[in-house]
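The values are calculated or read from the model by the stated rules, or taken from the named source; none is laboratory data. Just so it is clear, the model here is predicted, and its values are computed rather than measured. Glycine gets a Cβ as well: all are built from the backbone with ideal geometry, and neighbour counts include every protein chain shown. Note: accessible area is taken over every heavy atom of the protein model, side chains too, but ligands, DNA and RNA are not part of it. Shrake-Rupley method; radii C 1.70, N 1.55, O 1.52, S 1.80 Å.
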Amino acid sequence: QTMLESIPHPPKQVVLSKLFPGASASGLDLLSKLFQFNPQKRITAEQALEHPYVAQFHDPSTEISAPHHFILKMDDNVKFSISQYRDTLYKEVTEKTELKKKR
């Protein structure tokens, strides 16, 4: 069974205000945009940094944007643990950093 096949269909709609009862309207708005299942509907990291909820932390002069989309080299049809995803992502980032240093 693939990862997508293991998700209940249709995915249960979660009411964020009930899950996070103390959250502000702005915080709930950001979460709803970040938690979009469809990546085409989900906001980007850059858009998230521009959201009013995190505006006080947003400093474009110190934020670096990647020139292209980052694609993690893991099989989408295999269900991995959180630590496997994290370790693979960390390895990928450190390898790319090392390659840049050698140039």
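So the values come out like this:
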{"read-out": "Complete set of residues in segment 49-77 that are of a type in the set (V, I, T) and either farther than 24 Å from L89 by Cα or at pLDDT 90 or above (or both)", "value": "V54"}
{"read-out": "Set I43, I71, I64: member being within 17 Å of the chain's Cα centre (by Cα), closer than 30 Å to L4 by Cβ, open to solvent by 80 Å² or more (accessible area, probe 1.4 Å) and among the aliphatic types (A, V, I, L, M)", "value": "I71"}
{"read-out": "Residue in segment 62-82 that is of a type in the set (S, T, N, Q), outside any loop (DSSP other than H, G, I, E, B) and touching a Leu at 6+ places or on another chain (Cβ under 7 Å) present", "value": "no"}
{"read-out": "Unique match (being loosely packed, with under 10 Cβ neighbours inside 10 Å and free of Cβ contacts under 8 Å to residues at least 24 places away in the same chain) among K91, K102", "value": "K102"}
{"read-out": "Residue pairs meeting the criteria (Cβ under 9 Å; at least 6 apart or on separate chains; first free of Cβ contacts under 8 Å to residues at least 24 places away in the same chain, in segment 14-30; second of a type in the set (A, V, I, L, M, F, W, C) and open to solvent by 60 Å² or more (accessible area, probe 1.4 Å))", "value": "V14/F35; L16/F35; S17/A25; L28/F20"}
